[in-house]
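FYI, it's all coordinate maths here, none of it is from the lab. Source: prediction; values computed, not measured. Here the Cβ positions follow ideal geometry from the backbone for every residue, glycine too, while neighbour counts run over all protein chains shown.
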Amino acid sequence: MPRPRSLDLADVATAALAVIDRDGLTGFAMRAVAVELGMGTMSLYRYVSDRAQLEALVVDQVLAGVDMTPPRGTWQRQLTAL
């Protein structure tokens, strides 16, 4: 029976963002994220299937913090603000 997961995807995305903040995109690697989480690289694959999924989690977490509520006004003003 596989071991239960102790982290959620938000934890993994937060660790990946910490690596990016500290080391930049050149330092962003599965191994670096695994070290940030205190686990082996292969253990990280219990949470994400590959680097592309990890990148998508990071993008989703960053965009979740963006206010997408358009201001009042014309559609042109709303589009400019967004």
Scoring segment 16-82 by relative contact order with C-alpha pairs under 8 Å, at least six apart, yields a percentage of 20 percent
extent check for the chain: Cα max minus min per principal axis, descending, whole Å, gives 56, 31, 17
Diffing segment 24-31: the Karplus 3J(HN,Hα) column from phi (6.51, -1.76, 1.60, θ = phi - 60°), in whole Hz with x for Gly and Pro, holds x, 5, 5, x, 6, 8, 4, 4
Averaging 1/r across every pair of distinct alpha carbons in segment 41-82 and inverting yields a Kirkwood hydrodynamic radius, in angstrom, of 12.8 Å
Chymotrypsin sites (Phe, Trp or Tyr not before Pro) in segment 4-82 lying in a DSSP loop, each with at most 14 other Cβ atoms within 10 Å of its Cβ, come to 45
Interchain or sequence-distant (5+) residues whose placed amide H lies within less than 5 Å of the amide H of residue 45 are none
